[in-house]
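Notes to accompany the following structure.
The values are calculated or read from the model by the stated rules, or taken from the named source; none is laboratory data. Given the structure is predicted, the values throughout are model-derived calculations rather than measurements. Using ideal geometry, Cβ is built from the backbone for each residue, glycine included, and neighbour counts are taken over all protein chains shown.
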């Protein structure tokens, strides 16, 4: 999101006199005491208050920054969390991409952009290119893009007024407002495509056994026991190995593992002729399926329900194939779109549920009860703080690239939707005001919303966002200490 909320207007109201004291809470908020809309404190403290280093120090500052980043990554790997550090950096880049969406659409509209920074706080390094200052700040919590004239409260040099956001046409302002979320959605689509086409999907979206190819490599050879006595399974006796790919059974080729498994289950006691591909060489193996209802797996975790008395035999040879599903180019594109729609629908449903009495009650109950947080009710929504996201990224890294890609896609879709909610100071709040201006405008009379009157709503939305962030952090920290 860009630093300031609200919508444009063509005029700048006179500043309030220093000795004029607002008479009520509404007037106090409309005076923008924190300077969030007018950039007063943003410019003085949070944004551009620290002076840029001299040009001769830029190279040294850049070198120090690279050394610090490399040291952080090195320490992460030394501590056994290098993959997690890299994933956090990837997530930060995704958030920076959000700001880059605002930046590139503003530049395309010839609107003046004065700053583009990664992080917040004290400036570590920066450089001027044209009218924009690019740089890195100390707190790696995302980034920001400073577009001038976001609303009527911000004072702008009269020479730059024609190049402000508030003077741009409706469609230009709308494109800038939605560009951040669009970048998140685009990243999610690309990441999902990479998952399906490159690493394969390991049960994140494709969960049906009918979708697992019969040619997937064997991932495990299972032993069996009869009573308390371990015995050799048919797969072990026939010489199957992990990594073998089954080409055919009794001369029949199958498209899915479900079809092949059904054939094996119907072949109890009959010697099978199985063609396998082992490192590029075809060979024949001859397992004889046993009755799955009469044997146990050593782990006690059978894949079939317990047999009823008189149940027909079920053939079993003791192999488990990889559940990872690779897709062709065309299928990867189709499945990436399908997965994007699926996650988007679930996310919208979760946000919608949160704004119901039952959803809000469930969320408050999770704050007061650890058990409710550990075992949420059906449909309950729980937000994740940066602490929880780092934890989830660490777990995903341990589970492999397919899980990492899926989590990165889910996070980006969630961030994209969150930023489009019609709440100040999110991008969606600005879109809502922009649409209201269009409705109020006439063919020859353009309507401008007065952001000062909207500031009470802005601060209310800001308080809601702070509450969600603080409560999510509380839940995640409580999980760590309990």
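Can you find a residue that is free of Cβ contacts under 8 Å to residues at least 60 places away in the same chain and either touching a helix residue (DSSP H, G or I) at 6+ places or on another chain (Cβ under 6 Å) or farther than 25 Å from residue 311 by Cα (or both) anywhere in the range 218-231?
Within the range 218-231, none of the residues are free of Cβ contacts under 8 Å to residues at least 60 places away in the same chain and either touching a helix residue (DSSP H, G or I) at 6+ places or on another chain (Cβ under 6 Å) or farther than 25 Å from residue 311 by Cα (or both).
Taking the criterion of being at pLDDT 85 or above and within 16 Å of the chain's Cα centre (by Cα), would at least one residue in the range 350-368 satisfy it?
The answer is yes; a qualifying residue exists.
Considering only residues that are modelled with pLDDT of 90 or more and in contact with a helix residue (DSSP H, G or I) (Cβ under 8 Å, 6 or more places away or on another chain), look in the range 434-471 and name the one that is farthest from residue 168 (Cα to Cα).
Out of the qualifying residues, it is 471.
Identify the residue in the range 55-67 that is surrounded by 11 or more Cβ atoms within 10 Å (Cβ to Cβ) and at pLDDT below 75 and, among all such residues, is farthest from the chain's Cα centre (by Cα).
By that ranking, first place goes to 57.
Quick check, is residue 144 assigned by TED's automatic domain parsing to the domain that holds residue 92, under 20 Å from residue 429 (Cβ atoms), assigned to a strand (DSSP E or B) and within 31 Å of the chain's Cα centre (by Cα)?
So residue 144 passes the test.
Among 460, 435, 415, which is surrounded by 21 or more Cβ atoms within 10 Å (Cβ to Cβ), out of contact with any strand residue (DSSP E or B) (no Cβ under 8 Å at 6 or more places or on another chain) and assigned by TED's automatic domain parsing to the domain that holds residue 103?
Just one listed residue meets the conditions, 415.
What do you reckon, is residue 422 surrounded by fewer than 18 Cβ atoms within 10 Å (Cβ to Cβ), without any contact (Cβ under 8 Å) to a residue 12 or more places away in the chain and either within 30 Å of residue 154 (Cα to Cα) or in contact with a strand residue (DSSP E or B) (Cβ under 7 Å, 6 or more places away or on another chain) (or both)?
When the stated conditions are applied, residue 422 passes them.
With respect to residue 160, is the statement that it is modelled with pLDDT of 90 or more, surrounded by fewer than 19 Cβ atoms within 10 Å (Cβ to Cβ) and either more than 30 Å from residue 60 (Cβ to Cβ) or not assigned by TED's automatic domain parsing to the domain that holds residue 454 (or both) true?
Here the answer is yes, as residue 160 does meet what is asked.
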